1. Filter the range 60-80 for residues that are over 27 Å from the mean Cα position of the chain (by Cα) and of a type outside the set (D, E, K, R) and give the result.
2. Can you name every one of the helices (runs of 4 or more DSSP H) wholly within the range 297-376 that holds 2 or more residues which are free of Cβ contacts under 8 Å to residues at least 24 places away in the same chain and assigned by TED's automatic domain parsing to the domain that holds Asp283?
3. In the range 46-80, how many residues are out of contact with any Leu (no Cβ under 7 Å at 6 or more places or on another chain) and not in a loop (DSSP other than H, G, I, E, B)?
4. Keeping to the range 96-121, report how many residues are of a type in the set (Val, Ile, Thr) and closer than 18 Å to Pro185 by Cα.
5. Looking only at the range 200-218, which residues are modelled with pLDDT of 95 or more, touching a Lys or Arg at 6+ places or on another chain (Cβ under 9 Å) and over 21 Å from Glu273 (Cα atoms)?
6. Please go through the range 66-108 and pick out each residue that is among the aliphatic types (A, V, I, L, M) and closer than 22 Å to Lys150 by Cβ.
7. Select from the range 254-295 the residues that are acidic (Asp, Glu) and crowded, with 16+ Cβ neighbours inside 10 Å and list them in ascending order.
8. Of everything in the range 239-253, what is modelled with pLDDT of 95 or more and surrounded by 14 or more Cβ atoms within 10 Å (Cβ to Cβ)? Give them in sequence order.
Amino acid sequence: MSEKKKILIFIDWFLPGYKAGGPIRSVANMVEHLSDDFSFKIITTDTDYLEQESYKNIESNIWTKFNNNTSIYYFSKEKLTKRRLNNLINNTDFDIVYINGIYSFYFSILPLYLLRKTKKKIIVASRGMLSKHAFSSKNFKKTAFLKFAKMFGLYKSIIFQATDKKEADDIKQIIRKFKDIIVVPNLPKKTVYSENRVKEKEPGKLKLVSIARISTEKNTLFALQMLLSGNYKGNIQFDLYGSVYNNEYWQKCKEITEKLPENIFVNYKGPVESSKVHETFSDYHVSFMPSKGENFGHSILESLAAGCPVITSDQTPWRNLADKKIGWDIRLSDKNKFQFVIQKCIDMKQEKYDIISENAFNFAKIISEDKKIISDYLNLFS
């Protein structure tokens with residue numbers, strides 16, 4: 001039996017972290033699904049997103065065993081330098097490099113620079129960071145980096161992983177010089193839940209939830225504005241889970257919540273650990289996240305897996321949800337449609353809700369059991 005190929009992964013944050021959301025989930029799911037076929041070595045930091053304290057019970061600056069086929073090197077902030085990263089790369093045995101993201105200095109830019117003369121396959125997962133909506137923030141820094149990348153030819157020998165044709169087109173438009181683009185969707189969680197938990201749905205009452213960063217990209221402010229402007233009949237509870245990405249943006253959100261009528265209640269619950277996401281979604285009727293754009297949208301799929309239908313925008317890969325009777329994807333310009341759907345959910349009776357909840361659960365189960373995506377990853381790393 002031949003030895004497994006060794007894949008070296010660079011990612012800013014990884015398990016047990018969860019506050020960075022989708023990127024952690026994407027890589028964790030990949031490792032979980034493919035650990036029988038490959039061995040993984042992950043280089044990351046020893047803190048969670050926006051945190052200063054190191055993870056408890058984690059030994060930093062040394063290779064530690066994560067599972068039978070995965071080892072992780074957790075860099076502490078004071079030890080994370082160009083010299084140490086270069087030494088670590090030079091003293092690590094690997095066959096393929098997998099870089100998560102585009103703009104991180106220590107976990108994308110510097111590895112590409114240090115590995116620019118290697119003959120080994122390097123794959124960069126752009127994670128939607130080259131899309132139009134991603135360029136709406138920190139545009140100057142991103143443009144400056146791309147000029148730097150072009151100057152040093154960082155991507156001329158690189159294979160990009162795009163999750164769909166649209167992302168592939170974004171890469172072609174911005175990067176231009178690269179070795180190849182391979183379209184491979186993100187993997188869902190490996191866990192397949194055996195049954196859908198029934199939720200009580202009384203007409204006139206709606207429990208909404210969002211499990212995502214509080215940020216302009218996730219469009220939290222827009223969601224709250226839709227609650228303020230709807231003149232809804234019935235009671236709405238909207239609970240927000242996630243890290244606050246920008247305090248100024250969060251302040252604007254709080255200003256909206258203070259103006260809400262008495263029949264609408266908004267609660268900020270803070271971040272939720274990855275292991276508790278399914279359980280959390282199971283406590284709500286509908287998830288509401290009108291995102292400005294998603295590379296994948298793990299939160300959307302995990303909501304559906306909990307039998308929690310989704311109200312989102314048409315800027316995610318999850319489309320035609322109403323036709324599937326598992327939720328609604330709505331143009332952000334169509335505010336009346338958002339308000340109509342929310343009122344429809346408020347009015348919904350138990351029998352109708354049970355149908356769309358079960359539909360959502362079954363749809364997510366089919367996605368989670370799709371073997372073709374596994375085959376696509378085996379080809380990507382072949």
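1. Ile62
2. Values: elements: 298-305, 321-324, 335-347, 350-368.
The qualifying helices (runs of 4 or more DSSP H) are 321-324, 335-347, 350-368.
3. The qualifying residues number 12.
4. Here is the first cut: in the range 96-121, the residues of a type in the set (Val, Ile, Thr) are 96-97, 99, 102, 109, 118.
Next, only the ones that are closer than 18 Å to Pro185 by Cα stay: 99, 102.
Summing the residues that are of a type in the set (Val, Ile, Thr) and closer than 18 Å to Pro185 by Cα in the range 96-121 gives 2.
5. Lys201, Glu202, Pro203, Gly204
6. Our first condition is that a residue be among the aliphatic types (A, V, I, L, M); within the range 66-108, this holds for 72, 80, 85, 88-89, 96-97, 99, 102.
If the condition is that a residue be among the aliphatic types (A, V, I, L, M) and closer than 22 Å to Lys150 by Cβ, then Val97, Ile99, Ile102 are the ones that fit.
7. Passing the criteria: only Glu294.
8. Asp239, Leu240, Tyr241, Tyr249, Trp250, Lys252, Cys253, listed by residue number.
The values are calculated or read from the model by the stated rules, or taken from the named source; none is laboratory data. What you are looking at is a predicted structure, and each value in this text was computed from that prediction instead of being measured. Reconstructed Cβ throughout: ideal geometry from the backbone, glycine too, with neighbour counts over all protein chains shown.
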